[in-house]
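Below you will find the structure I want to go over with you.
The values are calculated or read from the model by the stated rules, or taken from the named source; none is laboratory data. Here the structure is a predicted model, which is why all the values come from computation and not from measurement. For neighbour counting, all protein chains shown are included, and Cβ atoms are generated from backbone atoms with ideal geometry for every residue, glycine included. When the accessible area is computed, the model is the full protein with side chains, heavy atoms only, and any ligands, DNA or RNA have been set aside. Shrake-Rupley method; radii C 1.70, N 1.55, O 1.52, S 1.80 Å.
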Amino acid sequence: MKNTYFTSYFPLISILLFSTSFSISTVMMVLKVLKRLGVYGGMLEFFSENGIKLALFIVFALIYFMIFSALKLLADTVTELSLLFFSKDVDGESLKKIRLGSAFYLIAAALSLLLIQYGIGIFAVFLLATLCYFIFVVYQFSFFLTSFSLIGLVLFHVLFWSIFLFGILYICMRLYNSVMASLPV
């Protein structure tokens with residue numbers, strides 16, 4: 001296709017498919033935990049079995065949709081910011097070249113529907129799609145950047161996502177430790 005907007009809907013479909021597969025997998029895990037804790041029987045007095053599954057699916061689908069949408073927004077912002085710092089391309093030709101990379105996520109999202117039983121498998125497919133997309137983007141940008149600019153762009157992305165991930169893990173660990181310390185034992 002010659003139309004540059006042909007792949008513009010790929011990210012939305014990918015987000016919807018990943019959100020669906022992750023939420024179905026999460027619902028299955030949560031139902032097992034609720035049954036093991038003995039809470040599920042009490043919930044059946046107020047809701048039907050399908051009602052509980054549907055309510056949990058809607059909640060988790062919304063949460064995952066928001067997480068993936070936020071990650072997409074962050075990724076686009078970091079990519080364009082890194083291009084602002086390291087690229088001499090003022091017309092945005094390099095951004096047009098990487099649009100096709102969203103097909104990696106679309107294929108992985110479709111594949112994730114086959115792995116609904118395995119939450120770790122879905123996550124692994126997501127990470128693999130991210131790695132493939134990153135390699136594709138670096139390859140496409142290599143035509144527009146010098147070697148030093150390309151190294152700077154890669155380091156910018158690696159540093160941003162590392163700081164982002166470790167920052168979230170640090171905050172979660174601090175929150176967990178503060179909750180555990182406040183429990184009367």
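Just need log10 I(q)/I(0) for the chain at q = 0.08, 0.11, 0.16 Å⁻¹, Debye formula, equal scatterers on the alpha-carbon atoms, no solvent, rounded to two decimals.
-0.37, -0.65, -1.09
Tell me, in nm to one decimal, what length is gained between L71 and R99 on full extension, where the rule is 0.36 nm per residue of separation less the Cα-Cα distance?
8.4 nm
Over segment 1-42, with the other protein chains present, what is the accessible area per residue in square angstrom, probe 1.4 angstrom?
Working: 2590 Å² over 42 residues.
Averaged over the residues of segment 1-42, the accessible area is 62 Å².
At 4 °C and 1.567 mPa s, grab the translational diffusion coefficient of segment 60-118 from Stokes-Einstein with a Kirkwood Rh over Cα pairs, rounded to a whole number in µm² per second.
95
Quick one: which residues, 5+ away or cross-chain, put their amide H under 5 Å from the amide H of S87? H built at 1.01 Å from N.
none
Another one. Hey, could you grab the Kirkwood Rh for segment 14-63? Inverse mean 1/r over distinct alpha carbon pairs, Å, one decimal.
Details: mean 1/r = 0.0893 Å⁻¹.
About 11.2 Å, per the Kirkwood formula over Cα pairs.
If you don't mind, there's one more thing I want to ask. On the accessible surface of the chain, probed at 1.4 Å, how many percent belong to carbon and sulfur atoms? Kindly include the intermediate steps, with their values, before the conclusion.
Numbers: 9490 of 12590 Å².
Carbon and sulfur atoms account for 75 percent of the accessible area of the chain.
Just subtract the alpha-carbon distance of I63 and S8 from 0.36 nm times their residue separation and send over the number in nm, one decimal. Provide the component values of the computation, followed by the final result.
Values: separation 55, 0.36 × 55 = 19.80 nm, distance 2.29 nm.
Once the chain is fully extended between I63 and S8, it gains 17.5 nm.
Turning to a different aspect of this structure: Okay, helix-only estimate at 222 nm for the chain: each DSSP H run of n ≥ 4 adds -39500 (n - 2.57), divide by all residues, round to 500 deg cm²/dmol; what do you get? Intermediate results must be reported in sequence, preceding the final value.
Numbers: 7 runs with 147 residues, N = 185.
Result for the chain: -27500 deg cm²/dmol, rounded to the nearest 500.
Using the Karplus curve 6.51 cos²θ - 1.76 cosθ + 1.60 with θ = phi - 60°, what ³J(HN,Hα) values do you get for each residue of segment 152-160, in whole Hz, with x for Gly and Pro?
In residue order, the calculated couplings are x, 5, 5, 5, 4, 5, 4, 5, 4 Hz.
For the charge dipole of segment 80-123, defined by +1 on Lys and Arg C-beta atoms and -1 on Asp and Glu C-beta atoms about the Cα centroid, which residue among S82, A108, I98 has the Cα displaced farthest towards the positive pole?
A108
How many lysine pairs in the chain, separated by 8 or more positions in sequence or lying on different chains, have Cα atoms less than 22 Å apart? It would help to have the intermediate numbers written out before the result.
Details: K2/K96; K2/K97; K32/K53; K35/K53; K72/K96; K72/K97; K88/K96; K88/K97.
Number of lysine pairs found: 8.
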